[in-house]
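Take a look at the structure below.
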Amino acid sequence: MFKVDLKKKILDANEQCAFENTKLLAGKKVFCLNMISSPGSGKTTILAKTITNLKAKLKIAVIEGDIKTDIDTQKIKTTGAPAVQINTHGACHLSAEQITAGLHNLPLDKLDVVIIENVGNLVCPTDFELGENAKLAVLSVAEGDDKPAKYPAIFSKSKALLINKMDLLKVVDFDLERVKADARRLNPGLEIFPISAKTGEGMQNWYDWLLDQAGQNPR
Amino acid sequence: MVAQSLLAAISAEAAKHNARPISAKISCGRLYSINEEILRFAFKAIAKGTPCEGTKLVIEQKPLQAKCRSCEKTFEVDFNSEINCPDCKSSDLEMLPDSPLLLEEIELEELVP
C-alpha cells in the first residue's frame, strides 16, 4: 500500500470553468453578480424594478436559474431586458458550465451588467463559483432575523445584502439591527441595503451601489 | 456534484498508478455546505461498480479563522457565540479566507497483475 499526496481542489473543474467565465466577462467589460437567496425573497421583482428604473443608465441582462419553468424569464422579458433561462431539473444550484452556455446566448457586447438569479436556496449555491465579480445575498423580513446566524456561509461570502419586503416590517417579528450585527460579525465589509421592491423604499441606495460597482470596470 | 467530482479525481489517480483506492482524505472549510454523512452516502451510491467501490472517505473539517486587527492574533471562529479576540477582546476582526474543498491524499493498493 502507498499514499499519494494530492492537495487537489475537488471542485477544480467548476472553478476552471468559472475562471473562463470571469475572463469572458472582463474582456467585454461586463460586471456580473450572483444573486442568492431563499425561494420567495423577491429576487425577480427586485430585478424587474432595477432594470426598469436604471434603463437609461445601465444595460442589464439576467440569467435565470430555476429547477423548472421559465416564469421568471418571462417576467424579466416584460421589462425589455435580455434574459436566458436555465432549468436545473432538480439540481439545487447553478454550476459554472451552465453560466458559460447562458453567457453565449446574451449580447455581451451591448451589456454593462449580467445578474445571475441563482436557484432559490440559501445553502448550496454558495459553494459553486460561477465566475461572478461578487455575490449578492437577498433576505426578506418574512423569513426571520435568525438567518445570518443559521446560514453563515452566504452572508460571509457576499459583497452586499438586500433586506427586502421592508414594507412588511410592522407585521412581522424581525429585528433589523440583529440581522445587521450578525451579518457584519461574519463579514465586516458587507454593504447592507434595507429595501422594498414593491414600494420602492430604499431602492435608490441599492441602485447607487450597483452603478458604482458596474462603473469600476471589473477585475 | 461534489461526490461526482471526488469519484472522478480518485478514479483518475488510481488508474494512473494502476492501483485500487483504499481510502481518500478530504478537507474542507467550515463555510462549505458539506455534510459528512450525506457525502459518504452519495459517494458510496455512485461508486458502486467502479474501482472506488469500498473506498473509505476520511473527512476533516477545517475551522474558519479570524485575525484580530488590534493585536494581530489569529484564532478559530466559533459561530455560536460573539466573535471577539480571545486575547485582547477586540471585535475589530478580519475574517480569513475559508479553506478550500481539497482531496488531500489517497491511499492506494497495487493491483496484482
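The values are calculated or read from the model by the stated rules, or taken from the named source; none is laboratory data. Note that the coordinates shown come from a computational prediction; the quantities given were computed from them, not determined experimentally. No Cβ is skipped: glycine too gets one built from the backbone with ideal geometry, and neighbour counts run over all protein chains shown.
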Exactly one condition in (1) modelled with pLDDT under 95; (2) facing chain A (nearest Cβ under 8 Å); (3) farther than 15 Å from residue A:10 by Cβ is false for residue B:22; which is it? (1)
Restricting attention to the stretch A:185-219, report how many residues are assigned to a helix (DSSP H, G or I), buried (at least 17 other Cβ atoms within 10 Å of the Cβ) and not hydroxyl-bearing (Ser, Thr, Tyr). 7
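Listed residues A:45, A:50; which is surrounded by fewer than 17 Cβ atoms within 10 Å (Cβ to Cβ) and farther than 18 Å from residue A:95 by Cβ?
Checking each option against the conditions leaves just A:45.
Within the bounds of the stretch B:17-25, is there any residue that is in contact with a strand residue (DSSP E or B) (Cβ under 8 Å, 6 or more places away or on another chain) and closer than 23 Å to residue A:92 by Cβ? Write out each step before concluding.
Residues of the stretch B:17-25 in contact with a strand residue (DSSP E or B) (Cβ under 8 Å, 6 or more places away or on another chain): B:17-25.
Retained after the next criterion (residues that are closer than 23 Å to residue A:92 by Cβ): none.
Taking every residue of the stretch B:17-25 in turn, none turns out to be in contact with a strand residue (DSSP E or B) (Cβ under 8 Å, 6 or more places away or on another chain) and closer than 23 Å to residue A:92 by Cβ.
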Selected residue (criterion: modelled with the highest pLDDT) from residues of the stretch B:82-108 that are more than 10 Å from every other protein chain (Cβ to nearest Cβ) and surrounded by 18 or more Cβ atoms within 10 Å (Cβ to Cβ): B:99
How many residues does the stretch A:100-119 hold that are buried (at least 20 other Cβ atoms within 10 Å of the Cβ), under 16 Å from the mean Cα position of the chain (by Cα) and away from chain B (no Cβ under 14 Å)? 7
Does at least one position in the stretch B:52-70 carry a residue that is facing chain A (nearest Cβ under 10 Å), closer than 25 Å to residue A:148 by Cα and out of contact with any Leu (no Cβ under 6 Å at 6 or more places or on another chain)? yes
Right, residue A:78: within 14 Å of chain B (Cβ to nearest Cβ), among the β-branched types (Val, Ile, Thr) and free of Cβ contacts under 8 Å to residues at least 60 places away in the same chain or not? no
If a residue has to be assigned to a loop (DSSP other than H, G, I, E, B), in contact with a helix residue (DSSP H, G or I) (Cβ under 6 Å, 6 or more places away or on another chain) and surrounded by 15 or more Cβ atoms within 10 Å (Cβ to Cβ) to count, how many in the stretch B:38-67 make the cut? 2
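Using the structure shown, decide if residue A:23 is surrounded by fewer than 19 Cβ atoms within 10 Å (Cβ to Cβ), assigned to a helix (DSSP H, G or I), basic (Lys, Arg) and modelled with pLDDT of 95 or more. Spell out how you get there, then give the answer.
Numbers: surrounded by fewer than 19 Cβ atoms within 10 Å (Cβ to Cβ): yes; assigned to a helix (DSSP H, G or I): yes; basic (Lys, Arg): yes; modelled with pLDDT of 95 or more: yes.
Spelling it out, residue A:23 is indeed surrounded by fewer than 19 Cβ atoms within 10 Å (Cβ to Cβ), assigned to a helix (DSSP H, G or I), basic (Lys, Arg) and modelled with pLDDT of 95 or more.
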Of all residues in the stretch A:1-49, count the ones that are closer than 17 Å to residue A:81 by Cα and within 14 Å of another protein chain (Cβ to nearest Cβ). 0
Please verify whether the stretch B:81-93 includes one or more residues that are in a strand (DSSP E or B) and within 30 Å of residue A:188 (Cα to Cα). yes
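Of all residues in the stretch A:26-44, which are outside any loop (DSSP other than H, G, I, E, B) and either small (Gly, Ala, Ser) or more than 13 Å from the chain's Cα centre (by Cα) (or both)?
From the stretch A:26-44, those outside any loop (DSSP other than H, G, I, E, B) are A:26-27, A:31-36, A:43-44; that's our starting set.
Once the filter is applied, which keeps residues that are outside any loop (DSSP other than H, G, I, E, B) and either small (Gly, Ala, Ser) or more than 13 Å from the chain's Cα centre (by Cα) (or both), the stretch A:26-44 yields A:26, A:27.
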Which residue is surrounded by the most Cβ atoms within 10 Å (Cβ to Cβ), if the candidates are limited to the stretch B:70-81 and must be over 19 Å from residue B:31 (Cα atoms) and of a type in the set (D, E, K, R)? B:73
Inter-residue pairs, beta-carbon under 6 Å, first within 12 Å of chain B (Cβ to nearest Cβ) and in the stretch A:130-156, second part of a helix (DSSP H, G or I) and of a type in the set (Asp, Glu), 6+ apart: A:148/A:182; A:149/A:182
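State all residues of the stretch A:157-172 that are touching a residue at least 12 places away in the same chain (Cβ under 8 Å) and either more than 22 Å from residue B:34 (Cα to Cα) or touching a His at 6+ places or on another chain (Cβ under 9 Å) (or both); if no residue qualifies, say none.
Narrowing the stretch A:157-172 to residues touching a residue at least 12 places away in the same chain (Cβ under 8 Å): A:157-169, A:172.
Residues satisfying the conditions are A:159, A:160, A:161, A:162, A:163, A:164, A:165, A:166, A:167, A:168, A:169, A:172.
Suppose we filter B:82, B:37, B:109, B:94 for residues that are over 19 Å from the mean Cα position of the chain (by Cα) and free of Cβ contacts under 8 Å to residues at least 12 places away in the same chain; which single one remains?
Values: B:37 fails: over 19 Å from the mean Cα position of the chain (by Cα); B:109 fails: free of Cβ contacts under 8 Å to residues at least 12 places away in the same chain; B:94 fails: free of Cβ contacts under 8 Å to residues at least 12 places away in the same chain.
Checking each option against the conditions leaves just B:82.
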